[in-house]
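The structure appears below as structure tokens.
The values are calculated or read from the model by the stated rules, or taken from the named source; none is laboratory data. Keep in mind that this is a model prediction, so the values were computed, not measured. With ideal geometry, Cβ positions are generated from the backbone for all residues, glycine too; neighbour counts draw on all protein chains shown. Keep in mind that these areas ignore ligands, DNA and RNA; they rest on the heavy atoms of the full protein, side chains included. Shrake-Rupley method; radii C 1.70, N 1.55, O 1.52, S 1.80 Å.
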Amino acid sequence: MIIGDLNTTFTLSSETTYLKRSVMRDLLKLAVDPDIISLAGGLPASEYLPVDEFRECMDAVLLRDGSRALQYSPQWMPLREWIATYMQSLGVPCTAEQVFITNGSQQGLALVSRLLLDSGQVAVTEAVVFTGIQQVTAGRGAKVLTIPTDSRTGADMDALEEAFQHYPKPRLAVLVPDFHNPLGVSLTEEKRAQAASLAAEYGVPLIEDDPYSPLRFEGDPLPPIKTFDEGGYVFYLGSFSKMLAPAMRLGWMVAPADLIPRITVLRESIDLESSTLMQRTVCEFLSRGLLEVHLRRMNQVNKERCAALLDALQTHLGDLAVWTVPTGGLFSWVTLHDNLNTWELFEEAVKQKVAYIPGAAFAVHGGFENTMRLNFSNVKPDAIREGVARLAQVVRQSL
């Protein structure tokens, strides 16, 4: 790729050709416009973030550790040990030596992609998936095979097996098991076991991207895919950015211990390490038992706001749309009549001071023009109801 102006010309890497900017970054600015009811973002409720508790934890770390908390440092072993214990509580056999700290789940995706996947090789994802997953697969020049997702039970396992039988064999697959972004659905326990079994049977590494499972507000937790990973082919990714606060930019990977040195070298080539101050502060927050309190509060808020969204959809769009009914997470996926195009409706929606993300932005190989993703976590219930009413007006005027 060659790009330039009157004075300079640059020959850019092939990755810049494949890689596309996430539409979420462009639309996220709508979330902070006070005049727009934004159902577009993926943010938690700002007013419920643990500002005071986190400040106290950071003060405690700085008083205790002083300048050591501000230096370069190996990954903070007490945090890795906490994560290993947490994973064990989910039913995953895990040691601290298998835990690798990342700057959020997205960096974990990028690291495993660089570890396993070269341009031109095959990767498997769902047909509709978070743009960050697209960036580490198609965005790195991979040939992407896609599988459908059932709106009640999650990714299609028959299609996953068919993809694993492809020649050349896929180098990796990615699944989002809980409260899928953008679909809001969760993989059943039976399908989780099948996914792990298929990865082992066909020797295809499976990335379990699981930032949302702690955000459950209804029903019983389901075991991670990694729980069923007898063959050792599942890489688990978690995120404190979703559990605690987005600005943490901190997450983790559970991977085979003998691959951690390779992953470490890849990480060094990007940004060396995660902030030791942030690692120590998050660990202090966790060790004080504050996470459980925080999640209970946030999940109750999300439950109330999700109920407001579902009620508003039924009231204003019940005859024109269907939608997923999440039991956790941040999103619901809305499907309108086939003849409607949510990209085309978006400009008028913004004029009416309401925003969403057109579903086609998440489609790996196109389609899904009549869909949209709605976020409920960062909008108060009354504003959600008003936003959906405005959205319904836009939809009905287009018929």
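Inter-part distance, region 243-262 to region 162-195, computed on C-alpha centroids, equals 20 Å. One decimal place: the segment I270-D35 gains 80.8 nm when fully extended, by the rule 0.36 nm per residue minus the C-alpha distance. Between S151 and D319, residue separation times 0.36 nm minus the direct Cα-Cα distance comes to 58.6 nm. Neighbours of G104 by Cβ distance under 10 Å: Lys/Arg scored +1, Asp/Glu scored -1, total +2.
In this structure, the amide hydrogen of Q121, modeled 1.01 Å from its nitrogen in the peptide plane, lies closer than 5 angstrom to those of K143, counting only residues at least 5 positions away or on a different chain.
Calculated [222 nm] ellipticity per residue, helices only, for the chain: -12000 deg cm²/dmol; basis is -39500 (n - 2.57) per DSSP H run with n ≥ 4, divided by all residues, nearest 500. In terms of Cα to Cα distance under 29 Å, which lysines are near enough to K380, apart from those fewer than 8 places away along the same chain? Within the straight-line cut-off, K380 pairs with K29, K242, K303, K351, K353. Hey, how many Å between the Cα centroid of region 61-128 and the Cα centroid of region 357-388? After rounding, the separation between the Cα centres reads 30 Å.
Annotation: for a label point projected 7 angstrom from Cα along Cα→Cβ of R297, residues of region 47-91 with backbone N closer than 16 Å are 47-58.
Rolling a 1.4 Å probe over the protein heavy atoms gives region 294-399 an accessible area of 41 Å² per residue. Entry note, the chain: relative contact order of 22 percent, from Cα contacts under 8 Å with a spacing of 6+ residues. Per-atom-type breakdown for the chain gives carbon and sulfur 53% of the accessible area (1.4 Å probe, protein chains only). With θ taken as phi - 60° and the Karplus curve 6.51 cos²θ - 1.76 cosθ + 1.60 applied, the whole-hertz 3J(HN,Hα) list for region 117-122 is 10, 10, 4, x, 8, 9 Hz, x standing for glycine and proline.
Viscosity 0.890 mPa s, temperature 25 °C: Stokes-Einstein D of region 148-236 from its Kirkwood Cα radius, in µm² per second? Translational D for this selection: 188 µm²/s. Provide the FRET efficiency to the nearest 0.05 for the W343-E97 pair, computing r from the beta carbons and using R0 = 35 Å. It comes out at approximately 0.15.
Take every Cα pair under 8 Å whose residues are at least 6 apart in sequence, average their separation, divide by the length of region 278-361, and the relative contact order is 18 percent. Of all the options D319, D311, D210, the one that moves most in a Gaussian network model of the chain with Cα springs shorter than 10 angstrom is D319. How would you classify region 194-264 from its alpha-carbon gyration tensor, with a ≥ b ≥ c the square roots of the eigenvalues: rounded for a/c under 1.5, else prolate if a/b is greater than b/c, otherwise oblate? Verdict is oblate for region 194-264. At a probe radius of 1.4 angstrom, the accessible area of region 176-252 per residue rounds to 30 square angstrom.
Given R0 = 45 Å, the distance between the Cβ atoms of S46 and Y167 translates into a calculated FRET efficiency of 0.35.
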